[in-house]
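Please read the structure below before turning to the comments.
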Amino acid sequence: MSKKGHKGRRGLPLPVLGDVVKSSLDAYALKYEAVETVQAVQDTARSRRIQNRLRERLDAFEKFGNCLIIAHFDQGAYVPTLNIPHISPVGGFDAGTGHVVIMDVDPEQQMPYKITFNRFYKGLSSNYHCVFKPFGYSSGGYVFIKLPG
């Protein structure tokens, strides 16, 4: 983004992040088949469907390299820091152990880190504190970019 951020703030609400990702791909003429923004939820029935699809996508990401996943999550759910909305790309997935690698863009996180799939989804589906709601943050999720081929 810019030093001034989006509307004078750092970070982007999930729907805006999806729009920015798509616009950026278009601006740089980068080829993709689809961009989908998925809001994670805690509701049991819907949550299971979203988790199953996310696991399939993580598996395809690791096996075929045919997609990218950008996570929008509660940073404090993964590392000892503030519980605030945060954005970072997924760097890997081990289907055997269920570990997700986060390539955290926070300069204080000096190395990528691994978390379990359940913890990953918990951070995605976190209902951000009510103080963030007026700024468009309700819960996290992810942006899925399907690459050609």
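Nothing in this text is a laboratory measurement; each read-out follows from the coordinates by a stated rule. Since the model is a prediction, treat every value here as computed from it, not as a measurement. All Cβ positions, glycine included, derive from the backbone under ideal geometry; neighbour counts span all protein chains shown.
What's the magnitude of the charge dipole for region 1-107 around its Cα centre, counting Lys and Arg as +1 and Asp and Glu as -1 at the beta-carbon? Answer in Debye, nearest 20.
Values: 14 positive and 12 negative charges, 74 e Å.
So the magnitude is around 360 debye.
Positive-end ranking of 20, 72, 47 along the dipole of region 18-149, with charges on Cβ about the Cα centre, is headed by 47. Summarising the amide proton neighbourhood of residue 147: residues at separation of 5 or more, or on other chains, whose placed amide H is nearer than 5 Å comprise 33, 67, 68. Normalised by the number of residues in the chain, the mean separation of alpha-carbon contacts (under 8 Å, six or more apart) gives a relative contact order of 31 percent.
Of the options (1) 47; (2) 57; (3) 41, only one is percent of Cα pairs over 20 Å apart as computed from these coordinates, and that is (1).
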